[in-house]
Amino acid sequence: MMKQSVYVVDDDASFRSYLTTMLAGQGYETTGIETGNDLVAKLNSSSIPSIILLDVVLPDSDGIQVMARIKQMGITAPVIMLSGIGQVRTVIEAMKLGAADFLMKPFEYGALEEAIEKALERASEKEHLHRSAAIANESSGFVTANFNMQHLAEIVRRVADTDVPILITGESGVGKEVMARYAHMHSSRRDRPFIKVNCAAMPHELLESELFGYEKGAFTGAVTDKPGKFELANGGTLLLDEIGEMSALLQAKLLHVLQDGTFARLGARKDTRVDVRVIAATNIKIEENVAKGKFREDLYFRLNVIRVDLPPLRERREDIPALCDYFMSKYSKRYNPNAQLPAELSNAFFNYAWPGNIRQLENYVRRFLVLPDHHALMEEFQKGSQQKQSGSIVQIPVGKPDSLLEVGARAADRAEQELVRRVLAETGGNRKLAARRLNICYKALLNKLKRWSAPQTLVSDAA
């Protein structure tokens, strides 16, 4: 059995030595630390301890500041505050930030031992609950430790067995499809088909035949009957991804299906009746499109029965460690069974903004497993941070002074480059999808990339 580890953080050398010696005698693996900054550095560079004993007053900080930093880092190890007389208010504030317990100096060693045992027991129970929840949701890929996400999942579970539509919104990569599959897996339709259609991936005519099918002879090239996705999903669930990109004509036909449960194939003389649970997803602000007349208001109200707004990953950082564990478990057998995520890289993952959300995190974990050089990844994170801080500063060459028009043109071009590169990163290098999001034609995007000499290894032409 692995030893429980304890960090003792106290600037009093004799007291620190006393605690580490006593705890080591009880079988704990102990480390003495003098300052708050030393503790943070240790947490960044080493494995996380089982528990932290933290003095309220330190040479470089106080317990409140240190607890806040620990919380920002996503450290879940329990913290027991050690305080002197007159420091009770500080201890109360630290408890609000998540401290597990506090002891007033001087205290009996037996009291400390009891406090440690209780804190470790509570931490173990909490971890067990999180692991149980993760295992229960693993089949659908839904992993979260965030209270808001758990609340949304509970709502989805409660309505899963009804036939009302669900509208899932959120940035690209936040897990909209995962939530849709979660709804399907918790419904009575779980043994029936789950079919996804990307409404932004094909033009209007092709999307219509893809959704509703066609009869033989309906158009040139229709040499046989073809059922649409609605027929294939009969009895199951149909996910309409990027619903905001659907044309007005198709919106009208979709509204009819939602109202009556019937539709006609292209070229058909009779209607087809289906029983399909429709889930719609979008990464746009669909209310704005309704206000602009780009999306039918009656269809919006029909879809917006159950609304699930998924927050971006940067607003639920407590999910990052659990997601890392999930992706490491998912891909390690395929790529690198013996790989472990270094603490330094885990902390970098936790503090990164993740513009591409969960999809981007998943790709980074897979990359680490294929090429386990975490130093290269760390340099990439640092480079990205520096570029973000530098913003769109334009370097003006020494020599002949430039006109304001030239400087402005260069600044606009630099800003355009940054936008294009960011959208390409968010779409996983898919240039066609990036062109649609940028609202420019595909050929124009290719010309810009050629002019800027963008690395071709970062992009693809997949639809």
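Readers should treat all values here as calculations from the given coordinates under stated rules, not as data from a laboratory. Bear in mind that the values here come from a model prediction, so they are computed numbers and not experimental data. When we count neighbours, we look across all protein chains shown, and the Cβ atoms used for this are built from the backbone with ideal geometry, even at glycine.
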Inset, instruction - Check cross-link reach from LYS226 to the lysines: straight Cα distance under 24 Å, and skip same-chain residues fewer than eight apart. - result: LYS196, LYS216, LYS253, LYS270
Legend entry - In sequence order, calculated HN-Hα J values of the stretch 163-171 (Karplus, 6.51, -1.76, 1.60; Hz; x Gly/Pro): 9, 6, x, 10, 10, 10, 10, x, 4
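Tell me the mean residue ellipticity at 222 nm calculated for the chain from its helices only (DSSP H runs of n ≥ 4, each -39500 (n - 2.57), averaged over every residue, nearest 500). Could you put the intermediate results ahead of the total?
Details: 19 runs with 232 residues, N = 463.
Value at 222 nm, helices only: -15500 deg cm²/dmol.
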Legend entry - Inter-label distance, nm, simple model (7 Å from Cα along the C-beta direction), ARG157/GLU379: 4.6 nm
Inset, instruction - Output the Kirkwood hydrodynamic radius of the stretch 261-320, Cα pairs only, in Å rounded to one decimal. - result: 14.9 Å
Inset, instruction - Tell me the Kirkwood hydrodynamic radius of the stretch 1-117 in angstroms, computed as one over the mean inverse distance between distinct C-alpha pairs. - result: 14.0 Å
Legend entry - Two-site FRET efficiency, ALA343 against LYS270, from Cβ-Cβ distance with R₀ of 60 Å, rounded to 0.05: 0.40
Legend entry - GLU205 versus LEU371: modelled label distance in nm, points set 7 Å from Cα along the beta carbon direction: 4.3 nm
Inset, instruction - Please report the Cα spread of the chain along all three principal axes, rounded to whole Å, starting with the longest. - result: 90, 72, 44
Legend entry - Those lysines that a straight Cα-Cα span of less than 26 Å connects to LYS3, excepting residues fewer than 8 apart in one chain: LYS42, LYS71, LYS118, LYS126
Inset, instruction - Quote the charge dipole size of the stretch 233-330 about the Cα centre in Debye, to the nearest 20; the model charges only the Cβ of Lys and Arg (+1) and of Asp and Glu (-1). - result: 400 debye
Legend entry - Cα shape, the stretch 10-62, gyration tensor, a/c 1.5 rule: oblate
Inset, instruction - Name the lysines eligible as straight-distance cross-link partners of LYS285: C-alpha to C-alpha under 17 Å, and not fewer than 8 places from it in the same chain. - result: LYS176, LYS294
Inset, instruction - Using only Cα atoms, locate the centre of the stretch 1-80 and the centre of the stretch 228-247, then give the distance between them in Å, rounded to an integer. - result: 53 Å
